[in-house]
Amino acid sequence: MVSADERREALKGLFHEARNCTRCPQLAQTRHTVVFGGGNANADLMFVGEAPGRNEDERGLPFVGQAGKLLDQLLGEIGLTRNQVFVTNVLRCRPPGNRDPHPVEIENCQEWLFGTIEQVQPTIICTLGNFATKLLRGDPTGIMRIHGRAEERLVGPRRVRLFPVFHPAAALYTPANVEVLRRDFQQIPGLLALGAPEQPPPLVEAPLEVAEAEVVEADAVDEPREPGPPTLAEELEAVVAPAASPPPGGEEPEPEPQGDQLGLF
Ligand code: URA
């Protein structure tokens, strides 16, 4: 069992790797910052949007523009604040002119998204809009047909409650859609109250012979997970508080202003 502190360290390690990513040559050239994601490193609720926009690219934090304001407002209406959830995107770099992510970019960036999900271990992943919904459901069904319907899905090795909703930026253009988004958000407290879905048994490779099986099991049971890279940037250390996932609606102090690119709480 990996502790929340170990997962938090591993998350910071992932951030340090991702911040120099050059897998998408165009995005690596045009971006100002890699927007890794931010929030509560041990959150039960994770939001996955599409890609950073201009404001996010400048500040290095996700959802800090108009769409972010709406997200904050909708969270507030269900008694949550940003520092109780983790927010990230399908892409970590801004596509020039806010164009749609290209399939190859989505594929290149998957390792960072799935790595983030693995370390935060949310019980609910709320996908914002089509790109995140299609990617995490592994299915081309559009958001119009399935928004507001939670379903259990395997994401990597873990079973989560996937909850697709409209993207706040798209909803902003159509007031009626803000109402739909608001109604869908009202389901979130009930989903959080359900707790984590039952997890599948840990994967153990099929043994070819007894001696090998013993080695595999020993690895799976006894080996502690790597706690992350040994060197951590001091400026990150300075802004990262111990992980905690407060109950929905619980009192939470206002976050310190974040000048870093990993707004962890
Ligand atoms: N839209 C997104 O999908 N992500 C952001 O971070 C900001 C706007």
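The values are calculated or read from the model by the stated rules, or taken from the named source; none is laboratory data. Fair warning: this is a prediction, and the values are worked out from it, not measured in the lab. Here Cβ is always computed from backbone atoms with ideal geometry, including for glycine, and neighbour counts include all displayed protein chains. Surface areas here come from the heavy atoms of the whole protein model, side chains and all, with no ligands, DNA or RNA. Shrake-Rupley method; radii C 1.70, N 1.55, O 1.52, S 1.80 Å.
A few points about this structure:
- Loop-located trypsin sites (Lys or Arg not before Pro) across the range 102-174 with a Cβ neighbour count of 13 or fewer within 10 Å are Arg149, with loop assigned by DSSP.
- Carbon/sulfur fraction of accessible area - the range 4-201, other protein chains in place, 1.4 Å, %: 50
- Per residue value of the accessible surface for the range 89-187 (all protein chains in place, 1.4 Å probe), Å²: 43
- Ranked by the mean number of other Cβ atoms within 10 Å of their residues, highest first, the peptides 28-36, 98-106 fall in the order 28-36, 98-106.
- In this simple spin-label approximation, Arg149 and Thr22 carry label points 7 Å from Cα along the Cα→Cβ vector, and these lie 4.5 nm apart.
- Among beta bridges that DSSP assigns inside the range 4-201, antiparallel share in %, nearest 5: 35
- Per-residue 3J(HN,Hα) values for the range 58-74, derived from phi via the Karplus relation 6.51 cos²θ - 1.76 cosθ + 1.60 with θ = phi - 60°, read 6, 9, x, 10, x, 6, 10, x, 4, 5, x, 5, 5, 4, 4, 5, 5 Hz in sequence order (x marks Gly and Pro).
- Whole-Hz Karplus values for the range 167-172 come out as 6, x, 5, 5, 5, 4 Hz, taken residue by residue from phi with 6.51 cos²θ - 1.76 cosθ + 1.60 and θ = phi - 60°; glycine and proline positions read x.
- From phi via Karplus (6.51, -1.76, 1.60), per-residue ³J(HN,Hα) for the range 88-105 in Hz, x at Gly/Pro: 8, 9, 5, 10, 9, 10, 6, x, x, x, 6, 5, 5, x, 7, x, 5, 5
- Taking 0.36 nm per residue of separation and subtracting the Cα-Cα distance, full extension of the segment from Gln199 to Lys69 would add 43.4 nm.
- Amide H contacts of Phe47 (H built 1.01 Å from N, under 5 Å, at least 5 apart or other chain): Phe86, Val87, Thr88, Cys126
- Summing charges over all other residues whose Cβ lies under 15 Å from the Cβ of Asp139, with Lys and Arg as +1 and Asp and Glu as -1, gives +3.
- Peptides 6-14, 177-185 ordered by packing proxy, namely the average of other Cβ atoms within 10 Å per residue, highest first: 6-14, 177-185.
- Relative contact order of the range 18-84, taken over Cα pairs closer than 8 Å and 6 or more residues apart, is 31 percent.
- Counting 0.36 nm for each residue step from Glu77 to His102 and taking away their Cα separation leaves a gain of 5.6 nm.
- Value of relative contact order over the range 69-136, rounded to a whole percent, pairs C-alpha under 8 Å and six or more apart: 28
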